[in-house]
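A.B. asks: Before I ask anything, let me first share the structure, which is written out below as structure tokens.
The numbers here are math on the coordinates, done by the rules we state, and not lab data. Treat the numbers as computed from the prediction; the structure is a model and nothing was measured. Neighbour counts run over all protein chains shown; Cβ positions are idealised from the backbone, glycine included.
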Amino acid sequence: MRHVLVSSIFILLLVGCNQTGVSTFVDNPEKPYPSEEAIENGDVVVNLDGETVHFDRFESFVKSVRNGKEDEVRVTKYTIEGDPIFYNLQFNGEKIMYTLDNTEDGYAGSGKGQRTTSCSGLRFSETEKGERYGLEGVRIRN
């Protein structure tokens, strides 16, 4: 069930966040970041078959946010073609900086790049399919 839960985490992540920047990059000619390397590096890895590795690391991040303790986590989710999409979360004790990086996704099209948002916290809810996480707290900048 946890593999479904982690997949659900990122459906809601951008809701309630303020986009702070967009960068685009040239395609990486080397082979994308393989899941074996991501697992070895400690990423929370969501594979196509629904398997989630290191979910406990995501739970530790959630606990840190709830306790106001600085922490960061990277979630790497793989597309059907095997390309990685990175979800980087950094908590500084007050806000979460969330960066979506799909620069290695060969089918990202014109949306390829990095997008960073600033949020005030995590939202948690129970659904019939399990737990869902999202980011909340828009920081409006003038």
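A.B. asks: So, in the stretch 34-55, how many residues would count as being in a helix (DSSP H, G or I), surrounded by fewer than 19 Cβ atoms within 10 Å (Cβ to Cβ) and in contact (Cβ under 8 Å) with a residue 24 or more places away in the chain? If you could, list the steps in order and put the result at the bottom.
C.D. replies: Within the stretch 34-55, the first condition is being in a helix (DSSP H, G or I), and the residues that meet it are 35-40, 55.
Then keep just the ones that are surrounded by fewer than 19 Cβ atoms within 10 Å (Cβ to Cβ); that gives 36-37, 39-40, 55.
With the extra rule that they be in contact (Cβ under 8 Å) with a residue 24 or more places away in the chain, the set shrinks to 55.
Number satisfying all stated conditions: 1.
A.B. asks: Just to be sure before I move on: is ARG115 over 23 Å from THR52 (Cα atoms), buried (at least 17 other Cβ atoms within 10 Å of the Cβ), touching a strand residue (DSSP E or B) at 6+ places or on another chain (Cβ under 8 Å) and not acidic (Asp, Glu) in the structure I sent?
C.D. replies: Values: over 23 Å from THR52 (Cα atoms): yes; buried (at least 17 other Cβ atoms within 10 Å of the Cβ): yes; touching a strand residue (DSSP E or B) at 6+ places or on another chain (Cβ under 8 Å): yes; not acidic (Asp, Glu): yes.
Criteria met by ARG115.
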